[in-house]
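Notes follow the structure.
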Amino acid sequence: MRSCLVVAATVAVFLSLLSPANAFWITGYYPQYESSVMPVSAIDFATITHVIHFCLEAQANGTINGANNGLDPAACRAFVQTVHNAGRKALLCVGGAGSEPAFQGATTANHVPAFVSALAAFMSSNNYDGLDIDWEPLAAADILQYTNFMTTLRAAIPGALLTAAAPAYPQYGDPPDAIFAVFASLQGTLDQINIMTYDLSGPYPGWITWFNSPIYDGGYTFPSTGGPLPSIDGAVDNYVNNGVKPLKLALGLPFYGYVWTGVLQPRQPWSESNTPTVSAAAYRAIITSYYQSNSYQWDIAAQAAYLSLSNASSADDMFVSYEDAASCQTKVSYSRNRGLGGIMIWELSQDFFPERGEGQQSPLLQSLRQSLATPQILSADMIASNFTFSFSTLPLAHYRVLYATNLFDMLWQTLTNNIPGTGAPAAVTDAVTAHSAARFYRVQTPP
């Protein structure tokens, strides 16, 4: 995504130009079973572009089941109507964690025609805009069936959206590039390839404490193998280096984190006899039960937030890896820097605070909305012979300032490049009296 603003120095007219809404997607999962916590009407549709209804279950015999997750006809109609009334796209997810065995059965040569037909009929009869396939885990052994299934499904739903939840890294023991090559071959079939760049750590043998969804590995490696620690950047590289176009990709943004007990910091080893315990917690629960301002830390190398909670007994110490406003906005910067197509969120109810007033109930989504509006003009002044204007920036971002003497010719030239974003305003000054013609200025994030 590229954002820009244009400033006309001579007439002090300011025009904010953003990329079209469909140029950068913010896709959020909405589990129907969380509707009692967060009604679909409470979704921040000013930020979200696509909402994925979770989820329809595949059955090994090629049939489908929505009842287990509350996808009855009334719930489907209410969901789709609300999303459409907000002018957004409503998709239906098929699969979920642990769905591999069911998909393996449903996509055999004997079952795949009926399975695809059932999916297309359910989508059409409930007026969804498309399907999202969440085959988990997706192993190298599944490649042939997965490819045939996705190709057959695409042909059965022409004109509808087709998206995929894609693994960040291969399954243990699988060839390193096999899965990424599959998505390169299928990218013409898919509208979005949403990488599940979370759950990137755990209390596994030979590991160290690490973040749930860090942008970078920071140059750190596993002491046991010397391999790089998992990161969003590493996962994106895997896809791009295997031929997937960045605009087809989105990084996954988790609205939950992990509470490690028995450790305090990232990159902390442990003994086999003293393995830490790890439990998942929604952002809402982390803020309510664990957050302390004096325990907040920001890891510059990984570009990730965490809490370091020290207790009387070291066995009760806690390292909490989670997302906050800063990490969300930094991930928008990263996505722009890499030219990605969007961001995918799992899942929306984890950021919902029903007790807060309207407009404040989804703080992480609000931070995303603010970041997507950046850069914005903050001030502009003619001081002596210089024209100076300032604009808002995001952490990790870089900005380029261009100028033109005629907006209609669109002949933009670079005034200055690689202005670093810090989250604080940035200022640009040009000696306009040295020029014989009017000047217009454009500020862009990376193309």
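Going through SER224, SER201 one at a time, which residue ends up being free of Cβ contacts under 8 Å to residues at least 60 places away in the same chain and more than 26 Å from THR147 (Cβ to Cβ)? Outline the logic, then answer.
Details: SER201 fails: free of Cβ contacts under 8 Å to residues at least 60 places away in the same chain.
Going through SER224, SER201 in turn, just one is free of Cβ contacts under 8 Å to residues at least 60 places away in the same chain and more than 26 Å from THR147 (Cβ to Cβ): SER224.
Out of the strands (runs of 3 or more DSSP E) lying entirely within region 43-141, which hold 2 or more residues that are modelled with pLDDT under 95 and assigned by TED's automatic domain parsing to the domain that holds VAL182? Give the steps one after another, and end with the answer.
Details: elements: 50-58, 89-96, 130-135.
Here the list is empty.
Can you name the condition, by its number, that ASP177 falls short on among (1) in contact (Cβ under 8 Å) with a residue 40 or more places away in the chain; (2) surrounded by 19 or more Cβ atoms within 10 Å (Cβ to Cβ)?
For ASP177, the exception is condition (2).
Does ASP233 satisfy the criteria of being more than 24 Å from GLN350 (Cα to Cα) and among the charged types (D, E, K, R)? Full working, then the answer.
Numbers: more than 24 Å from GLN350 (Cα to Cα): yes; among the charged types (D, E, K, R): yes.
So ASP233 fits the description; yes.
Go through the residues of region 395-405 one by one and say whether even a single one is farther than 27 Å from ASP237 by Cα, modelled with pLDDT under 90, of a type in the set (D, E, K, R) and not assigned by TED's automatic domain parsing to the domain that holds VAL40. Before the answer, list the steps.
Taking region 395-405 first, the residues farther than 27 Å from ASP237 by Cα are 401-405.
In the following step, the residues that additionally are modelled with pLDDT under 90 were identified as 401-405.
If we keep only those that are of a type in the set (D, E, K, R) too, we end up with none.
Checked region 395-405: no residue is farther than 27 Å from ASP237 by Cα, modelled with pLDDT under 90, of a type in the set (D, E, K, R) and not assigned by TED's automatic domain parsing to the domain that holds VAL40.
Which members of region 302-327 meet the condition of being within 30 Å of ARG400 (Cα to Cα), in a helix (DSSP H, G or I) and hydrophobic (A, V, I, L, M, F, W, C)?
Residues satisfying the conditions are ALA325, ALA326.
Being under 22 Å from PRO31 (Cα atoms), of a type outside the set (Ser, Thr, Tyr) and touching a Pro at 6+ places or on another chain (Cβ under 6 Å) narrows it down to one residue among LEU91, LEU138, LEU161; which is it?
Working: LEU91 fails: touching a Pro at 6+ places or on another chain (Cβ under 6 Å); LEU161 fails: touching a Pro at 6+ places or on another chain (Cβ under 6 Å).
After applying the criteria, what remains is LEU138.
Within region 328-425, which strands (runs of 3 or more DSSP E) (wholly inside it) include 2 or more residues that are farther than 29 Å from ALA282 by Cβ and either in contact with a helix residue (DSSP H, G or I) (Cβ under 8 Å, 6 or more places away or on another chain) or touching a residue at least 60 places away in the same chain (Cβ under 8 Å) (or both)? Give the derivation first.
On the way: elements: 342-346, 377-383, 386-391, 398-404, 413-420.
Answer list for region 328-425: 377-383, 386-391.
Going by the conditions given, is ARG77 under 14 Å from GLY130 (Cα atoms) and basic (Lys, Arg)?
On the way: under 14 Å from GLY130 (Cα atoms): no; basic (Lys, Arg): yes.
Taking the combined requirement at face value, the residue does not satisfy it.
Tell me which residues, restricted to region 29-61, are of a type in the set (A, V, I, L, M) and within 17 Å of the chain's Cα centre (by Cα). Don't jump to the end; show me each part of the working.
First pass over region 29-61, keeping only residues of a type in the set (A, V, I, L, M): 37-38, 40, 42-43, 46, 48, 51-52, 56, 58, 60.
Those that are of a type in the set (A, V, I, L, M) and within 17 Å of the chain's Cα centre (by Cα): ILE43, ALA46, ILE48, VAL51, ILE52.
Testing LEU119 on (1) free of Cβ contacts under 8 Å to residues at least 60 places away in the same chain; (2) surrounded by 14 or more Cβ atoms within 10 Å (Cβ to Cβ); (3) over 24 Å from the mean Cα position of the chain (by Cα); (4) more than 30 Å from GLY359 (Cβ to Cβ), one condition comes back false. Which one is that?
Just one mismatch for LEU119, condition (1).
State yes or no: is TYR146 among the aromatic types (Phe, Trp, Tyr), farther than 29 Å from GLN81 by Cα, under 27 Å from the mean Cα position of the chain (by Cα) and part of a helix (DSSP H, G or I)?
On the way: among the aromatic types (Phe, Trp, Tyr): yes; farther than 29 Å from GLN81 by Cα: yes; under 27 Å from the mean Cα position of the chain (by Cα): yes; part of a helix (DSSP H, G or I): yes.
Yes.
How many of the residues making up region 292-318 are within 23 Å of the chain's Cα centre (by Cα) and of a type outside the set (D, E, K, R)? Explain how you work it out, then say what you get.
Taking region 292-318 first, the residues within 23 Å of the chain's Cα centre (by Cα) are 296-307.
Within this subset, residues satisfying the condition of being of a type outside the set (D, E, K, R) are 296-298, 300-307.
Total satisfying the criteria: 11.
Can you confirm whether ASP381 is of a type in the set (D, E, K, R) and either at pLDDT 90 or above or buried (at least 20 other Cβ atoms within 10 Å of the Cβ) (or both)?
Considered against the rule, which asks whether it is of a type in the set (D, E, K, R) and either at pLDDT 90 or above or buried (at least 20 other Cβ atoms within 10 Å of the Cβ) (or both), ASP381 comes out as no.
The values are calculated or read from the model by the stated rules, or taken from the named source; none is laboratory data. Treat the numbers as computed from the prediction; the structure is a model and nothing was measured. Cβ: placed from backbone, ideal geometry, glycine included. Neighbour counts: every protein chain shown.
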